[in-house]
Amino acid sequence: MASLIYTIKHHLRQAQSLVITVKRLLLVAICSAMLSSCVANVQTFKAYIGEVNSQMQTSVIRGGQLVRNDLMNRYVDVVRFLRVDDMELRSSEQIAAVEVVPGYREIEVYYSWDHGSQRGLAPALVDYAAAQTGVSRVLRFTALPGEVYTVHAEPTFLGERQDITTLAAVDFWVEDSVGKAVVPSEQARIQPVL
C-alpha cells in the first residue's frame, strides 16, 4: 500500500511538472506570436494616388536603423520620411517605410533619434529634427519595380561620446536590396544647433 501511494505521488509530481512546463511553453509561444505580429505590423505608407498595386508594380523604400551607444545606454535611431515627390507627410506620423510607383523619385528624410527616458521631449524633438537641414535631406533616384530600398544614415558626433547633444552632422545614402548604393553618401554641410 505504501509503495502504491509513493508511486501515485511520484506520478502526480511528474504530471504537475509537465503541466507547468506546457503552460510556460504556451505562454512563450503566445508572447512570441504577439511580438512578431507587432513587429510585422509596421505598415508601409502608400505614397501614390490610385489603386493599390501589386508588389511587382511598386517599389518600397524603408528607413534604416542605427544602434547608438552612450556610456551605459543603448538607443535605436531610425530614418523617417517627410515627403515623397509632392506628397507631404506629417512628421508626427513618423513613417518608417513608403511604397512608391517606379520611376524618378524625390524623397525627403530625416534622422530621428531615440530619446530614451525623455518621453516628454519627443514630439518637440521630432519636429525640430525634421526642420534641421543638418539632420534631414532630399534624395533623388530612379526606383525600379519590385525593388526594396533602404535609406541609411550615419551621424557624426563631436568627441568620443555618441550623445545626441554632441551630434555634428548626418550623412544619408540609399541602397538597393543587394546592398548597392543607388544614392551615394552625401556629407552634411550644415551643423545642427541642439
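Structure data summary
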{"read-out": "Flag if Gln118 is of a type outside the set (Gly, Ala, Ser), assigned by TED's automatic domain parsing to the domain that holds Val182, surrounded by fewer than 16 Cβ atoms within 10 Å (Cβ to Cβ) and modelled with pLDDT under 75", "value": "yes"}
{"read-out": "Cβ-Cβ under 6 Å pairs, at least 6 apart or on other chains, the stretch 145-162 side under 19 Å from Val109 (Cα atoms), far side of a type in the set (Lys, Arg) and surrounded by 14 or more Cβ atoms within 10 Å (Cβ to Cβ)", "value": "Thr150/Arg62"}
{"read-out": "Extreme residue, nearest to Phe157 (Cα to Cα), among residues of the stretch 67-109 that are among the aromatic types (Phe, Trp, Tyr) and at pLDDT 85 or above", "value": "Phe81"}
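One line per residue, one yes/no per condition, for (1) modelled with pLDDT of 70 or more; (2) in a helix (DSSP H, G or I):
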| position | (1), (2) |
| --- | --- |
| Tyr128 | no, yes |
| Thr133 | no, no |
| Val138 | yes, no |
| Val151 | yes, no |
| Pro155 | yes, no |
| Arg161 | yes, no |
| Val170 | yes, no |
| Val174 | yes, no |
| Val183 | yes, no |
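The values are calculated or read from the model by the stated rules, or taken from the named source; none is laboratory data. Just so we're clear, the structure is a prediction, and the values are computed from it rather than from any experiment. A quick note on method: Cβ atoms are made from the backbone with ideal geometry, for glycine too, and the neighbour counts reach across all protein chains shown.
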